[in-house]
């Protein structure tokens, strides 16, 4: 297991997917998007025709109904080379034969919506998987691949590094047996946990409990106590939050935490622990965010 992934909950693998593979995948992807939605990558006037607003304060738009597009690409074999590359990246980062792809690909294609300034989000912070007392590893990992460059302010997912460790500490301290919750995730945890014995923290409770325990997390979510002030001379909206959460970071129960954007170049891969607190962010880069995601589940030892 890569020590950076254990510590931060994310791991970047530069150039994991070959340029030819990325180019072919992007071409097939946009052909499918154009057929289904009449949206073209090189025609900004078509971008928002069928896109719906993202939740929270992301101020971006994402296409709904993309699952059939991704399923069609999978059935046509357009995702096979990329999946092999992602499997290799995961094996190198987390250990060979320990993780298997779940098979369902997700599109995280999103579009800019105007000239608003980028800021650290105040809403929609959440985790996606329970934390289990005594288990340092997640049941699954999210693996993102960049089809085009996603720059700063380009709508990349924002993640609190180290927050998966905070959640596991919380499970050790406050976790309870919740067999119903564990069984909701049965496709992910088969053979990894006994639902009638494991002490867990629900992902829907993580951010709320962290906010109760820590002013840093409480104010990250835009709650009371934080002064709102825009600009610190670097051109970022709400520069005080950028400085506090992305540059300085914080510490909770001895765990360093910091907000990072998932940015990258074409072919780069990011592996993420879904127990990490994360949110969507505004795309103010003027170009669509072109990212796909494939989830991998942990194989019982």
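The values are calculated or read from the model by the stated rules, or taken from the named source; none is laboratory data. Because the structure is predicted, anything quoted here is derived from the model rather than measured. Neighbour counts run over all protein chains shown; Cβ positions are idealised from the backbone, glycine included.
Side notes on the structure shown:
- For residue 292, the conditions (1) in contact with a strand residue (DSSP E or B) (Cβ under 7 Å, 6 or more places away or on another chain); (2) more than 15 Å from residue 217 (Cα to Cα); (3) without any contact (Cβ under 8 Å) to a residue 60 or more places away in the chain all hold with the exception of (3).
- Residues that are in contact (Cβ under 8 Å) with a residue 40 or more places away in the chain, part of a strand (DSSP E or B) and more than 27 Å from residue 122 (Cβ to Cβ) occur in the stretch 192-199; there is at least one.
- The listed residue being within 30 Å of residue 244 (Cα to Cα) and modelled with pLDDT under 95, out of 122, 165: 122
- Search result, residues across the stretch 26-38 that are within 25 Å of residue 268 (Cα to Cα) and touching a strand residue (DSSP E or B) at 6+ places or on another chain (Cβ under 8 Å): 29, 33
- Positions within the stretch 1-49 being in contact (Cβ under 8 Å) with a residue 40 or more places away in the chain, in contact with a helix residue (DSSP H, G or I) (Cβ under 6 Å, 6 or more places away or on another chain), assigned to a loop (DSSP other than H, G, I, E, B) and surrounded by 16 or more Cβ atoms within 10 Å (Cβ to Cβ), in sequence order: 9, 16, 17, 41
- Given (1) farther than 26 Å from residue 16 by Cα; (2) touching a helix residue (DSSP H, G or I) at 6+ places or on another chain (Cβ under 7 Å); (3) in a helix (DSSP H, G or I), index of the condition residue 169 fails: (2)
- Output for the stretch 250-261, where each listed residue is in contact (Cβ under 8 Å) with a residue 40 or more places away in the chain and surrounded by fewer than 24 Cβ atoms within 10 Å (Cβ to Cβ): 252, 253, 255, 256, 258, 260, 261
- Taken together, the residues in the stretch 209-268 that are at pLDDT 95 or above, within 23 Å of residue 126 (Cβ to Cβ) and in a loop (DSSP other than H, G, I, E, B) amount to 4.
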